[in-house]
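Visitor: Okay, handing you the structure first.
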Amino acid sequence: DTEVTQTPKHLVMGMTNKKSLKCEQHMGHRAMYWYKQKAKKPPELMFVYSYEKLSINESVPSRFSPECPNSSLLNLHLHALQPEDSALYLCASSQDDNSPLHFGNGTRLTVT
Amino acid sequence: AQSVTQLGSHVSVSEGALVLLRCNYSSSVPPYLFWYVQYPNQGLQLLLKYTSAATLVKGINGFEAEFKKSETSFHLTKPSAHMSDAAEYFCAVSEVIKAAGNKLTFGGGTRVLVKP
């Protein structure tokens, strides 16, 4: 069982929809991450929050909007996505800057 | 910039045989290195990590990896493969950005198939 919980597990959305992905951890970790993983590819970093502040944005298009309401929660707001945005979106957390990342099981997103 | 290369996108082994997955890294500073495993339709699970202590690192599920600075390698091994080892394996190098998180760069991954 993973200690990083992501909801929903699956999401199908149209290109005009607005939806949100949610991630939660209760390990007291201070850094949280969003990764995108296309089929048969490694995960690619999108965003990092450190102590609830956005610290890294890997030049992600503005149709993806992260939010960190508190130290346990991380959201990814989606709007006007394209079919090529279909992927597995992984959330991760780490205790601090030097610690390994713990991953959730991901949300499989399909954009139609 | 840091990078990781995994040699072989697919590896096929017989049950009970040695598993060897190769990883070479490039880093301008002493690296933190990791191996993760991903089972179908799941996230990534940490197998083991190297953080400049012992060069031979033992992980979960019988896996271990050896850090060789002279060869810039961090190969993963398991003496005897089990059917449950069939999965995708990722090597990763870490760039620690002070007060900004632990930025992982992944290799391309190696899919392991275990034959009965």
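Visitor: Can you name the number of the only condition in (1) in a strand (DSSP E or B); (2) within 14 Å of chain A (Cβ to nearest Cβ) that residue B:77 fails?
Guide: Condition (2) is where residue B:77 drops out.
Visitor: Going through the stretch B:1-38 one residue at a time, which ones are out of contact with any Asp or Glu (no Cβ under 9 Å at 6 or more places or on another chain), open to solvent by 30 Å² or more (accessible area, probe 1.4 Å) and among the hydroxyl-bearing types (Ser, Thr, Tyr)?
Guide: Of everything in the stretch B:1-38, those that are out of contact with any Asp or Glu (no Cβ under 9 Å at 6 or more places or on another chain), open to solvent by 30 Å² or more (accessible area, probe 1.4 Å) and among the hydroxyl-bearing types (Ser, Thr, Tyr) turn out to be B:3, B:5, B:9, B:12, B:14, B:26, B:28.
Visitor: Looking at (1) within 13 Å of another protein chain (Cβ to nearest Cβ); (2) part of a strand (DSSP E or B), which one does residue B:108 not meet, given that it meets all the others?
Guide: Single failed check for residue B:108: (2).
Visitor: Test of understanding: among B:81, B:92, which residue is within 16 Å of residue B:29 (Cβ to Cβ) and in contact (Cβ under 8 Å) with a residue 60 or more places away in the chain?
Guide: B:92
Visitor: Can you work out which of the residues in the stretch B:87-104 that are farther than 14 Å from residue A:100 by Cβ and under 14 Å from the mean Cα position of the chain (by Cα) is surrounded by the most Cβ atoms within 10 Å (Cβ to Cβ)?
Guide: B:89
Visitor: Of the residues that make up the stretch A:25-33, is at least one crowded, with 18+ Cβ neighbours inside 10 Å, in contact with an Asp or Glu (Cβ under 9 Å, 6 or more places away or on another chain) and of a type in the set (Gly, Ala, Ser)?
Guide: yes
Visitor: Moving to a separate point now. Out of all the residues in the stretch A:43-71, which are out of contact with any strand residue (DSSP E or B) (no Cβ under 9 Å at 6 or more places or on another chain) and closer than 11 Å to residue A:30 by Cα?
Guide: Answer for the stretch A:43-71, where residues must be out of contact with any strand residue (DSSP E or B) (no Cβ under 9 Å at 6 or more places or on another chain) and closer than 11 Å to residue A:30 by Cα: just A:70.
Visitor: Please specify each residue of the stretch B:95-104 satisfying the condition of being facing another protein chain (nearest Cβ under 8 Å), in contact with a Ser or Thr (Cβ under 8 Å, 6 or more places away or on another chain) and part of a strand (DSSP E or B).
Guide: Answer for the stretch B:95-104, where residues must be facing another protein chain (nearest Cβ under 8 Å), in contact with a Ser or Thr (Cβ under 8 Å, 6 or more places away or on another chain) and part of a strand (DSSP E or B): B:97, B:101, B:102, B:103, B:104.
The values are calculated or read from the model by the stated rules, or taken from the named source; none is laboratory data. Owing to the predicted nature of the structure, the values given are computational and were not obtained by experimental measurement. All Cβ positions, glycine included, derive from the backbone under ideal geometry; neighbour counts span all protein chains shown. Protein only, heavy atoms only, side chains kept; ligands, DNA and RNA dropped before computing areas. Shrake-Rupley method; radii C 1.70, N 1.55, O 1.52, S 1.80 Å.
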